[in-house]
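Reading through the C-alpha coordinates given below for one structure.
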Amino acid sequence: MNDLRNLTGRHLRELARTGKFTGITSGVALGNVQANLVVLPKAQAFDFLLFCQRNPKPCPLLDVTEAGDAEPRLCAPGADLRTDVPCYRVYRQGELVEEPTDIVKLWQKDWVAFLLGCSFTFEGALLQAGLPVRHIEANCNVPMYRTNIACQRAGVFHGPMVVSMRPMTPAQAIRATQICTRFARAHGTPVHLGDPAAIGIRDITTPDFGDPVAINAGEIPVFWACGVTPQAVVMQAKPPICVTHKPGHMFVTDWRDVDLEG
(Lines give C-alpha, C1' and ligand atoms only; values in the text may rest on other atoms or scores of the structure.)
Protein backbone atom coordinates (compact mmCIF):
# COMPACT_ATOMS: atom_id res chain seq x y z
CA MET A 1 0.00 0.00 0.00
CA ASN A 2 2.88 2.36 0.78
CA ASP A 3 4.17 1.98 -2.78
CA LEU A 4 0.72 2.92 -4.11
CA ARG A 5 0.58 5.93 -1.80
CA ASN A 6 3.76 7.31 -3.36
CA LEU A 7 2.74 6.93 -7.01
CA THR A 8 2.52 9.96 -9.26
CA GLY A 9 -0.75 10.65 -11.05
CA ARG A 10 0.84 9.76 -14.38
CA HIS A 11 2.11 6.41 -13.09
CA LEU A 12 -1.25 5.52 -11.57
CA ARG A 13 -2.97 6.33 -14.87
CA GLU A 14 -0.50 4.14 -16.75
CA LEU A 15 -1.31 1.24 -14.42
CA ALA A 16 -5.04 1.80 -14.97
CA ARG A 17 -4.57 2.09 -18.75
CA THR A 18 -2.81 -1.28 -18.92
CA GLY A 19 -5.24 -3.00 -16.56
CA LYS A 20 -2.65 -3.42 -13.82
CA PHE A 21 -4.65 -1.28 -11.39
CA THR A 22 -8.43 -1.58 -11.25
CA GLY A 23 -8.98 -0.81 -7.58
CA ILE A 24 -10.11 1.93 -5.23
CA THR A 25 -7.97 5.07 -5.34
CA SER A 26 -8.48 6.27 -1.76
CA GLY A 27 -5.05 6.42 -0.15
CA VAL A 28 -3.34 6.02 -3.54
CA ALA A 29 -1.03 8.66 -5.10
CA LEU A 30 -1.40 10.83 -2.01
CA GLY A 31 -0.99 14.52 -2.69
CA ASN A 32 -2.49 14.29 -6.17
CA VAL A 33 -5.88 15.77 -6.96
CA GLN A 34 -8.42 13.03 -7.68
CA ALA A 35 -11.52 13.57 -9.78
CA ASN A 36 -14.97 12.18 -10.42
CA LEU A 37 -15.82 11.52 -14.07
CA VAL A 38 -19.08 12.18 -15.95
CA VAL A 39 -19.29 11.69 -19.73
CA LEU A 40 -22.40 12.73 -21.66
CA PRO A 41 -23.44 13.34 -25.27
CA LYS A 42 -23.15 16.98 -26.31
CA ALA A 43 -26.95 17.24 -26.38
CA GLN A 44 -27.05 16.88 -22.57
CA ALA A 45 -23.70 18.54 -21.81
CA PHE A 46 -24.94 22.12 -21.40
CA ASP A 47 -27.63 21.10 -18.94
CA PHE A 48 -25.04 19.20 -16.93
CA LEU A 49 -22.60 22.11 -17.00
CA LEU A 50 -25.39 24.31 -15.65
CA PHE A 51 -26.17 21.67 -13.02
CA CYS A 52 -22.56 21.80 -11.81
CA GLN A 53 -22.60 25.59 -11.68
CA ARG A 54 -25.79 25.54 -9.62
CA ASN A 55 -24.52 22.79 -7.30
CA PRO A 56 -20.82 23.53 -6.71
CA LYS A 57 -20.64 21.74 -3.36
CA PRO A 58 -21.24 18.20 -4.72
CA CYS A 59 -20.09 19.02 -8.30
CA PRO A 60 -17.03 21.31 -8.24
CA LEU A 61 -15.78 21.56 -11.83
CA LEU A 62 -12.08 20.92 -12.47
CA ASP A 63 -11.94 20.33 -16.23
CA VAL A 64 -14.28 19.93 -19.22
CA THR A 65 -13.19 18.48 -22.55
CA GLU A 66 -14.10 19.57 -26.04
CA ALA A 67 -16.72 17.36 -27.70
CA GLY A 68 -15.11 14.13 -28.84
CA ASP A 69 -11.80 14.84 -27.09
CA ALA A 70 -10.85 12.36 -24.35
CA GLU A 71 -7.82 14.34 -23.17
CA PRO A 72 -8.24 16.51 -20.04
CA ARG A 73 -5.79 19.16 -21.16
CA LEU A 74 -5.93 21.33 -18.05
CA CYS A 75 -5.35 18.84 -15.26
CA ALA A 76 -3.63 15.89 -16.99
CA PRO A 77 -2.19 16.66 -20.44
CA GLY A 78 -1.61 13.47 -22.42
CA ALA A 79 -4.07 11.43 -20.37
CA ASP A 80 -6.92 9.48 -21.95
CA LEU A 81 -10.28 9.45 -20.17
CA ARG A 82 -11.29 6.35 -22.15
CA THR A 83 -8.64 4.19 -20.45
CA ASP A 84 -7.09 5.96 -17.45
CA VAL A 85 -9.84 5.39 -14.86
CA PRO A 86 -9.50 2.11 -12.92
CA CYS A 87 -13.15 1.15 -13.49
CA TYR A 88 -16.12 2.83 -15.19
CA ARG A 89 -19.89 2.65 -15.00
CA VAL A 90 -22.16 2.82 -18.05
CA TYR A 91 -25.77 4.00 -17.60
CA ARG A 92 -28.39 3.73 -20.34
CA GLN A 93 -31.70 5.51 -19.70
CA GLY A 94 -30.67 5.78 -16.04
CA GLU A 95 -29.99 2.06 -15.64
CA LEU A 96 -26.53 0.72 -14.78
CA VAL A 97 -25.69 -1.78 -17.53
CA GLU A 98 -21.96 -2.52 -17.19
CA GLU A 99 -18.73 -1.73 -15.36
CA PRO A 100 -15.90 -1.92 -17.91
CA THR A 101 -12.23 -1.11 -17.31
CA ASP A 102 -12.10 1.01 -20.47
CA ILE A 103 -14.60 2.75 -22.76
CA VAL A 104 -12.60 2.89 -25.97
CA LYS A 105 -15.22 1.02 -28.05
CA LEU A 106 -18.07 3.05 -26.57
CA TRP A 107 -16.54 6.49 -27.14
CA GLN A 108 -18.43 8.76 -29.54
CA LYS A 109 -17.33 11.90 -31.39
CA ASP A 110 -19.95 14.06 -29.67
CA TRP A 111 -19.14 13.04 -26.09
CA VAL A 112 -18.12 15.66 -23.52
CA ALA A 113 -16.24 14.66 -20.36
CA PHE A 114 -16.47 16.47 -17.03
CA LEU A 115 -14.00 16.07 -14.17
CA LEU A 116 -15.28 17.07 -10.75
CA GLY A 117 -13.41 17.52 -7.48
CA CYS A 118 -13.22 14.57 -5.07
CA SER A 119 -12.90 14.33 -1.29
CA PHE A 120 -10.06 11.79 -1.69
CA THR A 121 -7.98 14.86 -2.56
CA PHE A 122 -8.00 16.23 0.99
CA GLU A 123 -7.49 12.91 2.74
CA GLY A 124 -3.72 13.33 2.58
CA ALA A 125 -4.06 16.58 4.51
CA LEU A 126 -6.28 14.87 7.08
CA LEU A 127 -3.75 12.07 7.54
CA GLN A 128 -0.89 14.56 7.87
CA ALA A 129 -2.84 16.27 10.65
CA GLY A 130 -3.17 12.95 12.48
CA LEU A 131 -6.90 12.65 11.83
CA PRO A 132 -8.51 9.25 11.22
CA VAL A 133 -9.67 8.23 7.75
CA ARG A 134 -11.49 5.05 8.64
CA HIS A 135 -11.93 3.55 5.17
CA ILE A 136 -8.19 3.84 4.53
CA GLU A 137 -7.53 2.20 7.89
CA ALA A 138 -9.93 -0.61 6.92
CA ASN A 139 -8.59 -0.84 3.35
CA CYS A 140 -12.06 -0.44 1.87
CA ASN A 141 -14.14 2.12 -0.03
CA VAL A 142 -15.60 5.21 1.61
CA PRO A 143 -19.29 4.84 2.56
CA MET A 144 -21.62 7.04 0.50
CA TYR A 145 -25.33 7.75 1.00
CA ARG A 146 -28.24 9.35 -0.82
CA THR A 147 -29.76 12.13 1.26
CA ASN A 148 -32.95 14.18 1.36
CA ILE A 149 -30.94 17.28 0.39
CA ALA A 150 -32.25 18.24 -3.04
CA CYS A 151 -29.85 19.58 -5.65
CA GLN A 152 -30.92 22.63 -7.63
CA ARG A 153 -32.38 21.52 -10.94
CA ALA A 154 -30.80 22.38 -14.31
CA GLY A 155 -32.62 21.25 -17.44
CA VAL A 156 -33.15 17.49 -17.29
CA PHE A 157 -30.83 17.02 -14.32
CA HIS A 158 -32.29 16.87 -10.83
CA GLY A 159 -32.06 14.64 -7.79
CA PRO A 160 -30.60 14.18 -4.31
CA MET A 161 -27.17 15.07 -3.03
CA VAL A 162 -24.95 12.08 -2.22
CA VAL A 163 -22.59 12.39 0.74
CA SER A 164 -19.48 10.52 1.87
CA MET A 165 -18.95 9.76 5.56
CA ARG A 166 -15.89 9.64 7.82
CA PRO A 167 -16.33 8.97 11.56
CA MET A 168 -14.50 11.30 13.95
CA THR A 169 -14.74 12.64 17.47
CA PRO A 170 -16.34 16.10 17.70
CA ALA A 171 -12.92 17.69 18.28
CA GLN A 172 -11.48 15.88 15.26
CA ALA A 173 -14.47 16.97 13.16
CA ILE A 174 -13.77 20.61 14.02
CA ARG A 175 -10.14 20.21 12.98
CA ALA A 176 -11.16 18.44 9.76
CA THR A 177 -13.55 21.28 8.95
CA GLN A 178 -10.74 23.80 9.39
CA ILE A 179 -8.48 21.78 7.06
CA CYS A 180 -11.14 21.23 4.41
CA THR A 181 -11.94 24.93 4.23
CA ARG A 182 -8.85 25.13 2.00
CA PHE A 183 -10.29 22.64 -0.51
CA ALA A 184 -13.47 24.19 -1.88
CA ARG A 185 -12.88 22.50 -5.26
CA ALA A 186 -12.73 19.11 -3.52
CA HIS A 187 -16.12 19.54 -1.77
CA GLY A 188 -14.72 21.72 0.99
CA THR A 189 -16.21 21.63 4.48
CA PRO A 190 -18.71 19.01 5.68
CA VAL A 191 -22.39 19.50 4.95
CA HIS A 192 -23.60 17.74 8.10
CA LEU A 193 -22.32 16.34 11.39
CA GLY A 194 -24.11 13.87 13.63
CA ASP A 195 -27.62 12.42 13.27
CA PRO A 196 -27.87 10.69 9.86
CA ALA A 197 -31.67 10.75 9.95
CA ALA A 198 -31.62 14.56 9.82
CA ILE A 199 -30.44 14.31 6.19
CA GLY A 200 -32.61 11.33 5.28
CA ILE A 201 -30.20 8.45 5.93
CA ARG A 202 -32.18 5.64 7.55
CA ASP A 203 -29.42 3.11 8.19
CA ILE A 204 -25.83 4.31 8.57
CA THR A 205 -24.62 0.68 8.44
CA THR A 206 -25.94 0.24 4.88
CA PRO A 207 -24.40 2.75 2.46
CA ASP A 208 -25.91 3.24 -1.00
CA PHE A 209 -22.41 3.20 -2.50
CA GLY A 210 -19.07 2.01 -1.11
CA ASP A 211 -18.53 0.01 2.08
CA PRO A 212 -19.71 0.35 5.69
CA VAL A 213 -17.12 1.37 8.28
CA ALA A 214 -17.07 1.21 12.07
CA ILE A 215 -18.13 4.23 14.11
CA ASN A 216 -16.30 3.91 17.43
CA ALA A 217 -17.41 5.05 20.86
CA GLY A 218 -17.18 8.82 21.17
CA GLU A 219 -17.30 9.36 17.42
CA ILE A 220 -19.95 10.97 15.24
CA PRO A 221 -20.52 10.55 11.50
CA VAL A 222 -19.16 13.49 9.50
CA PHE A 223 -20.66 13.96 6.02
CA TRP A 224 -19.14 15.66 2.99
CA ALA A 225 -20.85 16.40 -0.34
CA CYS A 226 -19.83 13.71 -2.82
CA GLY A 227 -19.11 13.58 -6.53
CA VAL A 228 -21.20 10.44 -6.87
CA THR A 229 -24.16 12.85 -6.78
CA PRO A 230 -24.27 12.93 -10.62
CA GLN A 231 -24.83 9.16 -10.67
CA ALA A 232 -27.89 9.49 -8.44
CA VAL A 233 -29.06 12.37 -10.65
CA VAL A 234 -28.50 10.38 -13.85
CA MET A 235 -30.67 7.58 -12.46
CA GLN A 236 -33.52 10.11 -12.24
CA ALA A 237 -32.83 12.16 -15.38
CA LYS A 238 -32.35 9.04 -17.55
CA PRO A 239 -30.22 10.46 -20.39
CA PRO A 240 -29.76 8.07 -23.34
CA ILE A 241 -26.25 7.19 -22.13
CA CYS A 242 -23.88 8.39 -19.44
CA VAL A 243 -20.46 7.07 -18.44
CA THR A 244 -19.01 7.71 -14.99
CA HIS A 245 -16.26 6.33 -12.79
CA LYS A 246 -17.23 3.44 -10.54
CA PRO A 247 -17.62 4.97 -7.05
CA GLY A 248 -14.23 5.08 -5.34
CA HIS A 249 -12.32 4.42 -8.57
CA MET A 250 -11.25 7.95 -9.43
CA PHE A 251 -9.31 9.63 -12.20
CA VAL A 252 -6.00 10.83 -10.72
CA THR A 253 -4.74 14.12 -12.17
CA ASP A 254 -1.28 15.71 -12.35
CA TRP A 255 -2.39 18.56 -10.09
CA ARG A 256 -1.23 18.52 -6.48
CA ASP A 257 -3.65 19.05 -3.62
CA VAL A 258 -2.00 22.40 -2.82
CA ASP A 259 -3.08 23.58 -6.30
CA LEU A 260 -6.69 23.50 -5.08
CA GLU A 261 -6.07 25.39 -1.89
CA GLY A 262 -7.70 28.74 -1.73
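Tell me, please, whether a residue that is assigned by TED's automatic domain parsing to the domain that holds ALA35, more than 14 Å from the chain's Cα centre (by Cα) and among the β-branched types (Val, Ile, Thr) can be found in segment 147-156. Please lay out each step first, then the result.
Residues of segment 147-156 that are assigned by TED's automatic domain parsing to the domain that holds ALA35, as a first pass: none.
Checked segment 147-156: no residue is assigned by TED's automatic domain parsing to the domain that holds ALA35, more than 14 Å from the chain's Cα centre (by Cα) and among the β-branched types (Val, Ile, Thr).
Could you tell me which of the residues CYS52, CYS59 is closer than 23 Å to PRO190 by Cα, assigned to a loop (DSSP other than H, G, I, E, B) and in contact with a Cys (Cβ under 7 Å, 6 or more places away or on another chain)? Give the steps one after another, and end with the answer.
Details: CYS52 fails: assigned to a loop (DSSP other than H, G, I, E, B).
Within the list CYS52, CYS59, the selection yields CYS59.
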Return the pairs, sorted by first residue and then second, in which the second residue is modelled with pLDDT under 95 and of a type in the set (A, V, I, L, M), the first residue lies in segment 3-26 and is under 16 Å from ALA79 (Cβ atoms), the beta carbons are less than 7 Å apart, and the residues are 6+ apart or on different chains. LEU7/VAL28; LEU7/ALA29; THR8/ALA29; GLY9/ALA29; LEU12/VAL28; LEU12/ALA29
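When you look at ASP69, is it part of a loop (DSSP other than H, G, I, E, B), over 17 Å from the mean Cα position of the chain (by Cα) and surrounded by fewer than 15 Cβ atoms within 10 Å (Cβ to Cβ), yes or no? Lay out the reasoning, then the answer.
Details: part of a loop (DSSP other than H, G, I, E, B): yes; over 17 Å from the mean Cα position of the chain (by Cα): yes; surrounded by fewer than 15 Cβ atoms within 10 Å (Cβ to Cβ): yes.
It is true that ASP69 is part of a loop (DSSP other than H, G, I, E, B), over 17 Å from the mean Cα position of the chain (by Cα) and surrounded by fewer than 15 Cβ atoms within 10 Å (Cβ to Cβ).
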Just name the residue that is surrounded by the most Cβ atoms within 10 Å (Cβ to Cβ) out of those in segment 122-163 that are in contact with a Leu (Cβ under 7 Å, 6 or more places away or on another chain) and more than 24 Å from HIS249 (Cβ to Cβ). ALA154
The lone condition ALA198 fails out of (1) under 20 Å from the mean Cα position of the chain (by Cα); (2) not assigned by TED's automatic domain parsing to the domain that holds CYS59; (3) not in a loop (DSSP other than H, G, I, E, B) is (1)
Considering residues that are assigned to a strand (DSSP E or B) and in contact with a Cys (Cβ under 7 Å, 6 or more places away or on another chain), the number found within segment 81-113 is 1
Odd one out for PRO190 among (1) part of a helix (DSSP H, G or I); (2) of a type outside the set (Ser, Thr, Tyr); (3) modelled with pLDDT of 95 or more: (1)
I want to confirm something. Restricting to segment 96-117 and keeping residues that are without any contact (Cβ under 8 Å) to a residue 40 or more places away in the chain and surrounded by fewer than 13 Cβ atoms within 10 Å (Cβ to Cβ), which single residue is farthest from HIS11 (Cα to Cα)? VAL97
Output the residues belonging to segment 11-47 that are part of a helix (DSSP H, G or I) and farther than 16 Å from ASP84 by Cβ. LYS42, ALA43, GLN44, ALA45, PHE46, ASP47
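Based on this model, can you work out whether PRO41 counts as within 15 Å of PRO247 (Cα to Cα) and at pLDDT 95 or above? Let's see the steps before the verdict.
Values: within 15 Å of PRO247 (Cα to Cα): no; at pLDDT 95 or above: yes.
For PRO41, the condition - within 15 Å of PRO247 (Cα to Cα) and at pLDDT 95 or above - is not met.
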Can you pull out every residue in segment 176-215 that is polar (S, T, N, Q) and in contact with a helix residue (DSSP H, G or I) (Cβ under 8 Å, 6 or more places away or on another chain)? THR189
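The values are calculated or read from the model by the stated rules, or taken from the named source; none is laboratory data. Everything numeric here is computed off the predicted structure, so don't read it as measured data. As a convention, Cβ positions derive from the backbone with ideal geometry for all residues, glycine included, and neighbour counts pool all protein chains shown.
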